[in-house]
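Participant: Below you'll find the structure I mean.
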Amino acid sequence: MSQSFPSASADAERALLERRARLLGPTYRVFYRNPIHLVRGSGVWLYDAHGRKFLDAYNNVASVGHCHPRVVEALSGQAATLNTHTRYLSEIILDYAEKLLGTLPSHLGHAMFTCTGSEANDLAIRIAQHSSGNTGVIITDFAYHGATIATAQLSPAAVGAKGVPAQHRTVAVPDTFRDGGRAAHDFGRNVAAAIEDMRAQNIRPAALLLDSAFSSDGIFFPDASVMREAADHVRKAGGIVIADEVQSGFGRLGQGMWGFANYGLEPDIVTMGKPIGDGHPMGAVIVRPQLVSSFGSNTGYFNTFGGNPVAAAVGIAVLEVIEGEGLVENASNVGAYTGDLLRALQSRHGMVADIRHNGLYFGVELRADDEATAAAKTSSVVEAMRDDGVLISSCGPRGNVLKIRPPLPFARDNAEQLAETLDRALSKW
């Protein structure tokens, strides 16, 4: 049930918001109409300054759980021993690279480390353009791939369609819901059409950049055949395939470690961020060796903090927790159970139009008479759940898809609390 706070606490939090605005400026936004002042995290739980506990069903950053003891121990132990950069010899970064590469297909032979997923995608684009000699990148029409200049320009969810430079192309997301899934069926054909449009403007494709879960687009999981068809078109045109695994990687989809594998794809580059470090700022680019042979000798790459010993220790710990605690299997099993609970809600609530999920990644699309009303209803549901102690968010170009993406240790009783809370929130309409 929702809780009210004493006025003194409300005054203190208003003062905190005012201080935040004064010091950080207008670009820093907060979640929820009544922002949460978080002070502690543990597993799938977050705690605010009043001692109230929230079920986290949103954060994939803390992928193996907030403040996991094994990760904290690895971080603090290495920080107390040595932290420097990759231009010195160090076993731990090699141990980490070896362990990380061991989770991926054998054709991906080199690991390059960054601090964020944005940096990883930026570097992947540089490598793709250098190795292919081409410039154009194909993305979906409401994708998000990062916050650097290059990646923001490939993130229409952030900059809008007009913010995408002329050498790049957007294609309709493979929407499995509308029009009987026609957009999903036509995805490969749409990528081919984008390539032809590039050629007409004397542009050649360097890469197809894909989030394996189409997270910002509304969360979709199309048939493998259409994804492979799209990849084939790009490769025949001289480009490469980049799998952005910042959202879908590290076991989230419950069918192995990597989202691209669900489609039978063999990407040329894989990019990673957020869940790679359980909250520690890390990212990685995993690449076919032949793509960086020329790039390495002509351009080179160095990142002061990417791949430092502390980051490597954290990365190893995250992989060990995923394996040791069976979190991929948990994502599969608890994800299936959660999906059943959500589909039961769909049968009781007419405003639930579609349930899309793989493992512990869920998109719950809500309907209304018009798009503005649907977005407002979706926002109200998110707010109602926050007031009732469960944290989720929303996504999609219409803002009408509930985005549910809990940490990987999410359990069956957590799923039941999520479904019961969502049931109450939907019942208000």
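The values are calculated or read from the model by the stated rules, or taken from the named source; none is laboratory data. Please read these numbers as outputs of a predicted model, since none were measured by experiment. Counting neighbours? That spans all protein chains shown, and the Cβs are built from the backbone with ideal geometry, glycine included. Accessible surface areas use protein heavy atoms only, side chains included; no ligands, DNA or RNA. Shrake-Rupley method; radii C 1.70, N 1.55, O 1.52, S 1.80 Å.
Participant: How much of the accessible area of the chain, in percent, comes from carbon and sulfur atoms when a 1.4 Å probe is used?
Facilitator: Here it works out to 50 percent.
Participant: To continue, here is another question. Could you tell me how many cubic angstrom of Cα convex hull volume region 343-407 has per residue?
Facilitator: 85 Å³
Participant: Need one number: nm distance between label points at residue 225 and residue 200, each 7 Å from Cα along Cα→Cβ, rounded to one decimal.
Facilitator: 2.8 nm
Participant: What order, most packed first, do the peptides 365-371, 256-262, 403-409, 298-304 have when packing is the mean number of other Cβ atoms within 10 Å of each residue?
Facilitator: Ranked from most to least packed, the peptides come out as 403-409, 256-262, 365-371, 298-304.
Participant: Now, a different point. Where the centre of each part is set by its Cα atoms, how far does region 332-390 sit from region 92-156, in angstrom?
Facilitator: First find each Cα centre; the distance between them is then 31 Å.
Participant: Extending each Cα 7 Å along its Cβ direction at residue 235 and residue 346, get the distance between those two points in nm, one decimal.
Facilitator: Computed distance between label sites residue 235 and residue 346 equals 3.3 nm.
Participant: Could you work out the Kirkwood radius for region 296-429, taking every pair of different alpha carbons, averaging 1/r and inverting it, reported in Å?
Facilitator: Taking every pair of different Cα atoms in region 296-429, averaging 1/r and inverting gives 16.8 Å.
Participant: Next question, about the same structure. Order of 346-357, 381-392 by packing, highest average Cβ count within 10 Å first?
Facilitator: Order by mean packing, descending: 381-392, 346-357.
Participant: Express as a percent, rounded to the nearest 5, the fraction of DSSP beta bridges in the chain (both residues included) that run antiparallel.
Facilitator: Bridges in the chain are about 65 percent antiparallel.
Participant: Kindly state, to the nearest 0.05, the FRET efficiency for residue 76 paired with residue 293, given R0 = 45 Å and r defined as their beta-carbon distance.
Facilitator: Efficiency for this residue pair is about 0.75.
Participant: May I ask which residue of 17, 44, 89 lies farthest towards the positive end of the charge dipole of region 1-118, with charges of +1 (Lys, Arg) and -1 (Asp, Glu) on Cβ and the Cα centre as origin?
Facilitator: 17
Participant: Does region 300-371 come out rounded, prolate or oblate, given a ≥ b ≥ c as the square roots of the eigenvalues of its C-alpha gyration tensor, rounded meaning a/c under 1.5 and, failing that, prolate meaning a/b above b/c?
Facilitator: The shape class here is oblate.
Participant: So which aspartates and glutamates pass the test for residue 53, namely a Cα distance under 14 Å, with those fewer than 8 places away in the same chain ruled out?
Facilitator: Candidates past the 8-residue exclusion: 387, 388.
Participant: Just to confirm, what accessible area per residue do you get for region 299-429 at 1.4 Å probe, in whole Å²?
Facilitator: Averaged over the residues of region 299-429, the accessible area is 36 Å².
Participant: Enter the accessible area per residue of region 228-276 (Å², integer; probe 1.4 Å; all protein chains in place).
Facilitator: 27 Å²
Participant: A follow-up question, please. Set the Förster distance to 25 Å, then compute FRET efficiency between residue 424 and residue 12 from the Cβ-Cβ distance, nearest 0.05.
Facilitator: With R0 = 25 Å, the Cβ-Cβ based efficiency is 0.30.
Participant: Follow-up. Provide the per residue accessible area, probe 1.4 Å, for region 56-203, rounded to a whole number of square angstrom.
Facilitator: 48 Å²
Participant: Follow-up question, since we're still on this one. Take the alpha carbon gyration tensor of region 214-297, find the square roots of its eigenvalues, order them as a ≥ b ≥ c, and report rounded if a/c is under 1.5; if not, report prolate when a/b exceeds b/c, else oblate.
Facilitator: Oblate is the answer for region 214-297, as a/c is 1.5 or above yet b/c matches or exceeds a/b.
Participant: Same structure, new question: Set Lys and Arg Cβ to +1 and Asp and Glu Cβ to -1, take the dipole of region 308-429 about its Cα centre, and tell me which of 407, 372, 393 lies farthest positive.
Facilitator: Farthest towards the positive end: 372.
Participant: What is the spin-label model distance, in nm, from residue 30 to residue 98 if the labels are put 7 Å beyond Cα along the C-beta direction?
Facilitator: Here the modelled spin labels are 4.8 nm apart.
Participant: Students often check this: by mean Cβ neighbours within 10 Å, which of 45-57, 229-241 ranks highest, and how do the rest follow?
Facilitator: Ranked from most to least packed, the peptides come out as 229-241, 45-57.
Participant: If you don't mind, another one. Rg/Rh for region 107-161 to two decimals, with Rh computed the Kirkwood way over all alpha-carbon pairs.
Facilitator: 0.99
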